[in-house]
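Taking it in order: structure first as structure tokens, then the write-up.
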């Protein structure tokens with residue numbers, strides 16, 4: 001047992017790790033007591049009994065009571081030999097302990113530095129339990145500054161935000177703060193400058209306001225003092241159409257972005273004035289992008305003012321802005337254009353798009369934006385995706401409308417489809433035949449066209465694709481008459497079991513194209529997955545159908561398919577229940593069907609080719625025709641071999657032995673990816689933000705560092721990132737619908753992509769739980785970051801990407817290990833061990849010495 005020297009006074013003796021108590025005696029050795037030791041543990045209390053005999057072994061009981069449990073320890077006070085306890089020293093001997101408790105250092109105290117211009121910085125220990133006003137007074141007193149209420153603390157790095165009671169827990173050990181003027185006084189000074197009669201004073205005030213406006217605390221002070229009204233006056237007056245106006249618009253946007261004031265509160269004269277800046281011919285290059293951005297926010301935030309913007313901003317003016325060689329102006333003009341299209345009704349949207357297409361917008365986008373020498377920005381890619389989605393969305397009413405058998409126009413369209421295939425030009429059907437004979441002939445020809453019912457209208461009652469399938473068939477027959485006649489006549493001359501039904505194929509193919517191109521789905525807030533081919537061709541959907549229907553006929557012949565193969569439902573997509581959803585937002589109200597085996601192959605051909613993003617329809621046609629049925633089978637087999645590998649037990653055993661090492665390699669790669677860092681976009685519930693922030697893991701894997709960055713800037717260094725999150729403070733990793741920023745956006749259809757890309761980190765923020773929210777740029781980045789964070793927290797990496805990477809590494813490593821066994825069949829079972837011999841006389845006896 002440990003023995004500790006004890007002399008007159010108090011001794012701090014450790015009980016377990018982190019706890020302590022004090023032992024003491026007076027000069028006579030008659031008593032010992034236990035005072036509290038708040039510097040170590042303020043909740044630890046105890047008491048000692050009195051010594052029974054001064055010169056003998058003392059038996060004192062110490063009862064220590066931490067908050068969660070009682071702790072009993074016996075202490076023996078043993079006098080030194082030959083020395084009286086009244087006048088000498090004593091040894092303290094620990095006899096026993098029933099339990100111990102670790103004392104954690106106080107978590108509400110952080111060590112920071114506070115700077116001030118022309119003063120020596122202070123190194124202080126900030127007690128987060130103290131009111132911020134008390135801390136501020138202590139800092140001011142150290143510098144002999146009166147009126148501490150006139151000052152405030154700010155972060156010295158990053159955006160230099162004011163520190164309030166709400167965000168003070170973001171202060172970490174090692175943070176650097178600076179002392180500055182209080183936000184209310186700062187706001188008062190800036191607004192006073194804005195009211196200055198001199199241009200120079202107003203200009204200086206705007207220059208000071210712009211960087212401060214991004215701070216929520218300062219913005220609230222400005223807004224509460226009618227700062228927005230003052231800025232709107234400067235913008236409406238338009239005394240200076242150059243840099244001062246640009247600063248005013250920028251400050252106004254920054255203040256409005258906080259969401260304190262609704263966009264609906266803006267006045268119509270103010271909006272008209274901003275519109276006038278967009279419509280001016282000679283305007284400063286920095287003003288019009290900001291004006292367009294403001295009008296985009298107005299359009300998305302206020303339907304009423306959006307109608308005003310739509311009526312005041314001509315489409316021709318937006319086309320002029322799109323044609324300038326200024327990427328920022330092009331992007332903001334496209335943003336306003338898509339906002340106006342999203343706010344319009346279906347009829348208005350169709351009228352607007354028809355006008356824009358007549359004014360050659362599609363050709364300009366294809367030549368000057370998609371094929372521009374400068375790389376396309378993410379925001380422009382998103383707006384092109386929205387434009388494509390809105391244009392394809394015009395097909396939705398036709399897709400949801402079944403054929404009306406009583407409509408004369410639709411009956412004539414069906415007859416035109418039949419006549420284009422079977423009646424030579426200039427001849428009429430059934431000349432000299434009776435009405436019954438003509439009707440019988442018409443029914444037979446509709447059957448040859450591939451309709452399942454004697455009345456073709458019944459085939460087109462299915463929704464989807466409704467009338468959209470009829471539109472596609474008519475477009476093919478009119479714009480590719482030779483290919484149409486060849487398709488129909490070629491299949492009608494085959495044996496019954498080998499003919500490819502044109503109408504039935506067209507109906508299912510139309511459904512397939514609508515699903516692949518997401519027709520009828522709402523626009524995503526973050527997607528950038530537009531197809532360049534869409535802007536290379538008028539009537540791109542119908543043109544794509546013309547290519548796809550000929551591909552289906554070609555694949556049909558390559559597969560030597562029969563009607564059985566077409567009617568047989570494949571295993572990938574089982575028949576959907578009637579009334580079930582074919583895809584998001586589309587309900588099947590007609591007969592049920594699943595993808596046939598032929599349609600599964602065609603679907604794969606189209607999906608693989610569309611994923612390559614061909615830039616023209618001709619290039620798409622070339623690539624998709626090169627992807628034959630045999631090539632699809634080869635790709636399937638290759639992928640299956642990559643995914644499954646061999647199933648021989650020896651190989652499976654080898655793979656199991658290799659897994660831990662390869663999982664460690666994947667874990668190392670994921671952590672390196674976190675150390676490299678990534679840019680994430682900030683997404684709000686009101687509109688798509690164009691602000692970025694960067695997050696990375698420190699090289700020692702101890703801290704996540706993050707902070708806002710400007711778009712187009714180089715990746716920041718670790719030292720420049722203002723925010724830090726210790727890994728030790730992280731509680732859990734949340735994904736999908738469990739994330740708080742996804743729950744706040746609701747469960748609308750448009751948020752499905754956010755569910756798939758969202759993840760959050762919950763961490764200790766003082767005594768509360770806080771979250772760091774992410775929206776990954778892509779599904780791959782989502783997998784890499786969630787895997788890396790799981791590895792960092794010691795959890796299993798369970799993403800699909802980890803499974804694929806592990807499978808690929810296992811396949812490669814297994815093949816390397818088995819190179820010497822190439823072309824050698826590996827048995828399913830190891831060969832049997834032969835039975836032992838009947839005798840062992842064949843063994844050589846080395847003990848016998850040969851002569």
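Bear in mind these aren't lab numbers, they're just calculated from the coordinates by the rules spelled out. As the structure is a prediction and not an experimental result, all values here were calculated from the model. So basically every Cβ, Gly included, is an ideal-geometry build from the backbone, and we count neighbours across all protein chains shown.
When you count, for each residue, the other Cβ atoms within 10 Å and take the mean per peptide, how do 369-380, 280-291 rank with the highest first? Before the final figure, lay out the partial values.
Working: 369-380: 14.7, 280-291: 16.8.
Ranking the peptides 369-380, 280-291 by packing returns 280-291, 369-380.
So between residue 325 and residue 172, what do we pick up on full extension, going 0.36 nm a residue minus the alpha carbon distance? Write down the numbers at each step before the final one.
Values: separation 153, 0.36 × 153 = 55.08 nm, distance 4.61 nm.
Additional length available on full extension: 50.5 nm.
From the alpha carbon centroid of the range 651-668 to that of the range 773-795 is 21 Å. Residues 538, 738 in ascending order of nearby Cβ atoms (within 10 Å, fewest first): 538, 738.
If the segment from residue 656 to residue 376 were pulled out straight at 0.36 nm per residue, it would be longer than the present Cα-Cα gap by 96.3 nm. Both radii were evaluated on the Cα set of the range 182-261; the Rg over Rh quotient, with Rh as the Kirkwood radius, amounts to 0.92.
Using the Cβ-Cβ distance between residue 454 and residue 613 with R0 set to 45 Å, the FRET efficiency works out to roughly 0.55.
Going by the alpha-carbon gyration tensor, a ≥ b ≥ c the square roots of its eigenvalues, is the range 266-379 rounded (a/c under 1.5) or, if a/c is not under 1.5, prolate (a/b greater than b/c) versus oblate? Since a/c reaches 1.5 but b/c is at least a/b, the shape of the range 266-379 is classed as oblate. In plain terms, the C-alpha convex hull of the range 109-181 casts an average shadow of 4.5 nm² when viewed from every direction.
How would you order 180-192, 383-395 from highest to lowest mean count of nearby Cβ atoms within 10 Å? It would help to have the intermediate numbers written out before the result.
Working: 180-192: 17.8, 383-395: 21.4.
In descending order of packing, they fall as 383-395, 180-192.
In plain terms, if you count all Cα to Cα distances in the range 498-565 and split them into 10 Å steps from zero, the share in each step is 17, 42, 27, 12, 2 percent. Comparing Cα centroids, the range 253-298 and the range 690-732 end up 32 angstrom apart. Hey, if you drop one equal point scatterer on each alpha-carbon of the range 316-414 and run the Debye formula without solvent, what base-10 log of I(q)/I(0) do you get at q = 0.11, 0.18, 0.25 Å⁻¹? Each listed q maps to, in turn, -0.42, -0.85, -1.43.
The Cα center of the range 490-563 and the Cα center of the range 327-350 differ in position by 29 Å.
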